[in-house]
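First comes the structure, then the notes that go with it.
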Amino acid sequence: MPKEIIMPKFGFTQEESEILEWLNEEGDKVEKGDPIAVVSTDKISMEVESPETGILSGIRYQIGDLVPVTEIIAYILQPGEKLPETEKKTEKQSGESKKSIEKARKSATPIAKKLIEEKSLDINNITGTGEKGKITKTDVEKFLSKKKVFTGKINATPSARRIGAEENVSLSEIVGSGPDSRIQAGDVHKKILSSTKTVTGSDIPIIRTIPLIGMRKTIAQNMQRSMQEAPHMTLQIDIPMDALEKMRKEINSEQGKKSDRVSLTAFITKAVALSLKRNPILNSQYSEKEIKILGKIHVGIATDLDDGLIVPVIHNADQKDVRLISKEINDLAERARKAKLKPEDLSNGTFTISNLGMYEIDRFTAIINPPQTAILAVGKMNRYLIPTDNDILAIQKIISFNLSADHRVMDGVQAAKFLSDLKSIILEPKVLLK
């Protein structure tokens, strides 16, 4: 019987995904596990795989359609099989679907796609130089620089035409100031300024417009929801890192390869997981009717991409060796940059760490990632002159940890206990090796 291909659910709160690309046409033979479509989740673009070997048939959605999760998007048929009666399409519908799929075969990177949308370009007119002909940001910029949109009776200088093409400005709407009313570059700039006034009427040019779609839209909605619904309380603690850094240096000196060295983030992740085990109220989810204390500790590591922020997850972080955690963090970060993450890499996080120390940020406050109930912001490691117990001044390495917690779920004492336990674990770091 026909095998249904459904729109997967990639996370707790995801309700729908957008069809970005069909990798096969109606009637193509596919193998089990072959990627057949690319869809946009609430975080990144993901591939949908064929559930079994057969013929791709009955494609129900076109490029750009928003599809609810668990909805049927197509079928896999065996030779001689027919689609269910409810799925039979008219000849016209099938033709439109095939044309849409053919157009979708030309793929582009996420940044290139956004640029194409912003400039209202036809993707089929752009030549891709990336892997397997994929269109890159550079390809789009090169196309824009050469684009000759305004031809014929419009009298304009080459520079005016170039600026008009780059900024998507119609030269037909501009009165030229040059000889014979020829449009100059300055005329185009004046048009851009006149069409980019703010609602208050001030002449502030808009140099770029970022569509509120995909990942950016999801981040905006989640962060707004978090700030409006969850009463954030924030607590900060400064923790000396000298003992942990000394132990980390000793461990890494035994590693032959640089890639095998254990990162500071890995140690912090393991310390957070152990503190969560002692303070399970922070490893929870909130709903209007109940607070769910979760039985597994899955720590998300906020990772920055060009399109926004994603949170790959270290599953069962409290049970893993710190060396394994380090390798997983490196692997997740590498695959995130290459857009090779799988749905399970981003799913079921129960707590999040956001580290901006590498950007020279001393301390900051993070926004809780719903439905989680807490997030830890990690700053830069600094050196301070600190008086010891013997009143002797000594230089110590200090990191500021800022915890944001949902006050609906926990009280200040419970959040403080988590930070206190985190400090005691880091001060006696050998527990992280168990």
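Quick check on the chain: helices-only [θ] at 222 nm, where DSSP H runs of length 4 and up contribute -39,500 (n - 2.57) each and the sum goes over total residues. Nearest 500, please. Don't skip to the end; give the middle numbers.
Working: 10 runs with 128 residues, N = 434.
For the chain, the value works out to -9500 deg cm²/dmol.
Normalise the Cα radius of gyration of region 17-87 by 2.2 N^0.38 Å (N = residues in it) and let me know the number.
Values: Rg = 12.0 Å, N = 71, 2.2 N^0.38 = 11.1 Å.
Normalised by 2.2 N^0.38 Å, the Cα Rg of region 17-87 equals 1.08.
Using every pair of alpha-carbon atoms in region 267-322, split the distances into 10 Å bins beginning at 0 and state the percent of pairs per bin, rounded to integers.
For region 267-322, the pair-distance distribution reads 23, 43, 28, 6.
Excluding same-chain residues fewer than 8 positions from LYS417, which aspartates and glutamates have a Cα within less than 19 Å of its Cα?
Of all the aspartates and glutamates, those that pass the test against LYS417 - Cα under 19 Å, at least 8 places apart if same chain - are ASP238, ASP318, ASP406, GLU428.
Just tell me which aspartates and glutamates come within less than 19 Å, Cα to Cα, of LYS217; anything on the same chain fewer than 8 places away is out.
GLU15, GLU16, GLU18, ASP42, ASP65, GLU117, GLU118, GLU229, ASP304, ASP306, ASP307
Quickly rank 397-408, 242-253 as a protection proxy: mean count of other C-beta atoms within 10 Å, highest first. Let's see the in-between values first.
Values: 397-408: 19.7, 242-253: 14.7.
The most tightly packed comes first, giving 397-408, 242-253.
Within the set LYS9/LYS342; LYS257/LYS397; LYS257/LYS320; LYS292/LYS423, which residue pairs have Cα atoms separated by over 18 Å? Spell out each step's value before the answer.
Details: LYS9/LYS342 12 Å; LYS257/LYS397 26 Å; LYS257/LYS320 21 Å; LYS292/LYS423 26 Å.
Checking Cα-Cα distances, LYS257/LYS397; LYS257/LYS320; LYS292/LYS423 exceed 18 Å.
Zone of LEU235 (label point 7 Å along Cα→Cβ, backbone N under 20 Å): which residues in region 355-375?
Residues 355, 363-370, 372-375 fall inside that zone.
Quick one: angle between helix 158-167 and the longest Cα principal axis of the chain, in degrees between 0 and 90, rounded to 10, please.
Result, in degrees: 50.
Just going by the charge dipole of the chain, with Lys and Arg at +1 and Asp and Glu at -1 on Cβ, which of LEU346, THR373, ASN168 is farthest out on the positive end?
Of the listed residues, the answer is ASN168.
Among the aspartates and glutamates, select those whose C-alpha is under 14 Å from the C-alpha of LYS191, and discard any that sit fewer than 8 residues away in the same chain.
Within the straight-line cut-off, LYS191 pairs with GLU166, GLU167, GLU173, ASP203.
With r as the distance between the Cβ atoms of MET381 and GLU25 and R0 = 56 Å, compute the FRET efficiency 1/(1 + (r/R0)^6) and round to 0.05. Could the numbers behind the result be given before it?
On the way: r = 54 Å, r/R0 = 0.96.
About 0.55, to the nearest 0.05.
If we sort 353-359, 284-290, 19-25 on the protection proxy, mean other Cβ atoms within 10 Å, highest first, what's the order? Walk me through the numbers before you get to the answer.
Details: 353-359: 17.6, 284-290: 11.9, 19-25: 20.4.
Peptide ranking by packing, descending: 19-25, 353-359, 284-290.
Can you flag which of LYS277/LYS434; LYS249/LYS327; LYS277/LYS430; LYS3/LYS82; LYS32/LYS327 are past 19 Å Cα-Cα? Numbers along the way, then the final one.
Numbers: LYS277/LYS434 14 Å; LYS249/LYS327 17 Å; LYS277/LYS430 17 Å; LYS3/LYS82 11 Å; LYS32/LYS327 30 Å.
From LYS277/LYS434; LYS249/LYS327; LYS277/LYS430; LYS3/LYS82; LYS32/LYS327, over 19 Å: LYS32/LYS327.
With +1 on each Lys and Arg Cβ and -1 on each Asp and Glu Cβ, how big is the dipole of region 224-336 about its Cα centre, in debye rounded to the nearest 20?
Working: 17 positive and 17 negative charges, 86 e Å.
About 420 debye.
Placing +1 on the Cβ of each Lys and Arg and -1 on the Cβ of each Asp and Glu in region 227-384, which of SER253, LEU332, VAL299 has its Cα farthest towards the positive end of the resulting dipole?
With unit charges placed on the Cβ atoms, the residue in question is SER253.
Taking Cα centroids, how far is region 357-371 from region 257-331 in Å?
If you average the Cα positions of each part, the centres end up 15 Å apart.
At a threshold of 8 angstrom on Cα-Cα distance, excluding pairs fewer than six apart, so keeping six or more, what relative contact order does the chain reach in percent?
Working: 803 pairs, mean separation 58.6, N = 434.
Dividing the mean separation by the residue count of the chain yields 13 percent.
Given a cut-off of 38 Å, what percent of all Cα-Cα pairs of the chain lie beyond it? Before the final figure, lay out the partial values.
Numbers: 39184 of 93961 pairs.
Across the chain, Cα pairs with separations above 38 Å total 42 percent.
Using a cut-off of 11 Å between beta-carbons, work out the net charge of the residues near THR350 (Lys and Arg +1, Asp and Glu -1, THR350 not included). Kindly include the intermediate steps, with their values, before the conclusion.
Details: positive: LYS292, LYS296; negative: ASP318.
Around THR350, the charge tally is +1.
About the Cα centre of the chain, what is the dipole size in debye to 20, counting +1 per Lys and Arg Cβ and -1 per Asp and Glu Cβ, all else neutral?
Details: 65 positive and 61 negative charges, 198 e Å.
For the chain, the charge dipole is close to 940 debye.
If you count only protein heavy atoms and use a 1.4 Å probe, how large is the accessible surface of THR129, to the nearest 10 Å²?
Looks like 100 Å² after rounding.
The values are calculated or read from the model by the stated rules, or taken from the named source; none is laboratory data. Predicted, not measured: the structure shown is a model, and the values here were computed from it. Note that each Cβ is placed from the backbone with ideal geometry, even for glycine, and that neighbours are counted across all protein chains shown. Just so you know, the surface numbers come from the protein's heavy atoms only, side chains and all, with ligands and any DNA or RNA stripped out. Shrake-Rupley method; radii C 1.70, N 1.55, O 1.52, S 1.80 Å.
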